[in-house]
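Okay, so here's the structure we're looking at.
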Amino acid sequence: MTRTDTPETSTAALRDTSWLAVAAIIVLVMMLGSVVADIAGKVGATVVTQENWKEVLQAFLLALLVNTPALIFIGVLGDFAGLFSRTGEGEVFTTRNLKTLRSAGSGLIWAAAASAIIVPTVLSWTTGDGRGFIWHLNDLALGTAAMGAAILGLSHVFAEGLRIKTDSDQII
């Protein structure tokens, strides 16, 4: 590969990441639709009156609680959509992208924690069982947490790349 081929190749590769942004948005919309359908299925058909508004509110809040991991994951998908979109436009080693990577990694860890610990514990407390902290660790929660930790680790590598780029830009 010659030196003149490299910029075109890297520009084309960066443009290809724009498709990842589209894919992330499609998955985000599908997940959001699923969450809305779940909440609507638990609350939507109920007519709110003065007598039952507390029960409807409780059903809505419990549905929201159960869907908390998915809502966090939707936020992570939004982070990735923005990251891939900016990368597709040529904005690669920037502070904004570094913050986005860190946010996405943390979000995945929080989604795993919500799925494995927070939601089961709060459901236990709200249903009257109230028997301390509940742990529902499964492969998906562990994998999500591991992926979040890996992305946080990559963000440190990215930060070093950003530092090197900044140093290089100052020399030139």
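If the condition is being among the hydrophobic types (A, V, I, L, M, F, W, C), part of a helix (DSSP H, G or I) and either touching a Cys at 6+ places or on another chain (Cβ under 6 Å) or free of Cβ contacts under 8 Å to residues at least 40 places away in the same chain (or both), then the range 148-172 contributes 157, 164, 171. Checking the stated criteria, residue 127 turns out to be farther than 27 Å from residue 18 by Cα, modelled with pLDDT under 90 and polar (S, T, N, Q). Taking residue 137 as the residue in question, decide whether it is more than 26 Å from residue 162 (Cα to Cα), in a loop (DSSP other than H, G, I, E, B) and over 17 Å from the mean Cα position of the chain (by Cα). Spelling it out, residue 137 is indeed more than 26 Å from residue 162 (Cα to Cα), in a loop (DSSP other than H, G, I, E, B) and over 17 Å from the mean Cα position of the chain (by Cα).
Within the range 1-20, being exposed (fewer than 10 other Cβ atoms within 10 Å of the Cβ) and at pLDDT 70 or above holds for one residue alone: 12. Against the list (1) closer than 27 Å to residue 12 by Cα; (2) exposed (fewer than 15 other Cβ atoms within 10 Å of the Cβ), the condition residue 127 fails is (1).
Given the structure, is residue 119 surrounded by 13 or more Cβ atoms within 10 Å (Cβ to Cβ), aliphatic (A, V, I, L, M), in contact with a Pro (Cβ under 9 Å, 6 or more places away or on another chain) and in a helix (DSSP H, G or I)? Yes.
Keeping to the range 95-116, report how many residues are loosely packed, with under 14 Cβ neighbours inside 10 Å and touching a residue at least 24 places away in the same chain (Cβ under 8 Å). The number of residues fulfilling the criteria is 1. Please find, among 23, 63, the residue that is in contact with a Lys or Arg (Cβ under 9 Å, 6 or more places away or on another chain), at pLDDT below 95 and among the small types (Gly, Ala, Ser). None of the other options fit; the residue is 63.
For the range 47-91, a residue qualifies if it is under 20 Å from the mean Cα position of the chain (by Cα) and assigned to a loop (DSSP other than H, G, I, E, B), and exactly one does: 67. Residue count for the range 127-142, restricted to those that are without any contact (Cβ under 8 Å) to a residue 12 or more places away in the chain and not charged (D, E, K, R): 4. A single entry from 39, 26 fulfils the requirement of being of a type in the set (Val, Ile, Thr) and loosely packed, with under 13 Cβ neighbours inside 10 Å: 26.
Does residue 88 qualify as being touching a helix residue (DSSP H, G or I) at 6+ places or on another chain (Cβ under 8 Å), small (Gly, Ala, Ser), surrounded by 18 or more Cβ atoms within 10 Å (Cβ to Cβ) and under 28 Å from residue 142 (Cβ atoms)? No, not satisfied.
The values are calculated or read from the model by the stated rules, or taken from the named source; none is laboratory data. This is a predicted model, so every value here is computed, not measured. No Cβ is skipped: glycine too gets one built from the backbone with ideal geometry, and neighbour counts run over all protein chains shown.
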